[in-house]
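I have placed the structure first, in the form of structure tokens, so that the comments after it can refer back to it.
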Amino acid sequence: MNSGGNGPNGGDGAPSSTSGGAEEAGGDGAGGSTEPTPSRYESQKRRDWNTFLQYLKTHKPPLTLAGCSGAHVIEFLKYLDQFGKTKVHVTGCPYFGHPNPPAPCACPLKQAWGSLDALIGRLRAAYEENGGQQETNPFGAKAVRLYLREVKESQTKARGIPYEKKRRKRSASSAVSGGASTVAVTVAASPTVGTDSGGGGGSGEGGAAGAGAGAGATLVPATPSTTTWKQ
């Protein structure tokens, strides 16, 4: 797969800065209304979506969103590995399966599985929020889910760090309204494309990938998940 252009500006790196505070919507004097600042998840999702669209444009040959398939999404995830910061040991490395290597090695850096899973969740939600149909959503394709599962299993073996699902604990301050219980959820901060830093909802392999709102190339996942992963 070939892609031109510069790499995403937030993948596997420091979180991008967003302006704080509301923007003035009104103009001439008193009475001007203010717009609420988007949540960190919504801001990240928008950046991820814009990055993915740019990736399609710079792809050789160029791709259209309508012609994008699960295979193209997988190509995109592999493209993001060049911006990763997670050491993934190869089979012949003496530190393969060692959670705390005593010395550096020449094994490649890649995007962590949890970051890719969260990214796909945000992109899946963004696709449908921008007019795409759930039935044709390439980010929800079976091939993408299988790829994420393979990445998870291979990184677990290579890094010697199992991804264990933590038990969800109900908040002591859970509010009950209208017979429905509201449980507080925690959303991890994520970098610009949503890679190597978790954040947001997962794709189904690591979290729910709904189309609702919530929270690593910079770019271009869905409803925040209360599940966190050890990496």
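Filter Lys57/Lys110; Lys45/Lys78; Lys85/Lys152; Lys87/Lys157; Lys85/Lys157 down to the pairs with a C-alpha to C-alpha distance above 21 Å, please. Could the numbers behind the result be given before it?
Details: Lys57/Lys110 24 Å; Lys45/Lys78 19 Å; Lys85/Lys152 16 Å; Lys87/Lys157 12 Å; Lys85/Lys157 17 Å.
In this structure, Lys57/Lys110 exceed 21 Å between Cα atoms.
I'm a student and want to see the number: the projected area of the Cα convex hull of the stretch 29-166, averaged over all directions, in nm².
Details: hull surface 52.4 nm².
The Cα convex hull of the stretch 29-166, projected and averaged over all directions, gives 13.1 nm².
Order His72, His98 by their accessible area, 1.4 angstrom probe, all chains in place, largest first.
Largest accessible area first, the list is His98, His72.
What is the P(r) of the stretch 73-151, as percent of Cα-Cα pairs per 10 Å bin from 0?
For the stretch 73-151, the pair-distance distribution reads 17, 41, 27, 12, 5.
Would you mind calculating the gained length between Lys157 and Gln133 on full extension (0.36 nm times residue separation, minus the Cα-Cα distance), in nm to one decimal?
5.0 nm
Given points 7 Å out from each Cα along the Cα-Cβ axis, report the Thr91 to Thr58 separation in nanometres with one decimal.
Each label point lies 7 Å from its Cα, and together they span 3.4 nm.
The values are calculated or read from the model by the stated rules, or taken from the named source; none is laboratory data. The shown structure was predicted, so the numbers you read here are calculated from the model rather than taken from an experiment. Quick reminder, even Gly has a Cβ in these numbers, built from the backbone with ideal geometry, and neighbours come from all protein chains shown. Each accessible area value is taken on the protein alone, full model and side chains, heavy atoms only, with ligands, DNA and RNA left out. Shrake-Rupley method; radii C 1.70, N 1.55, O 1.52, S 1.80 Å.
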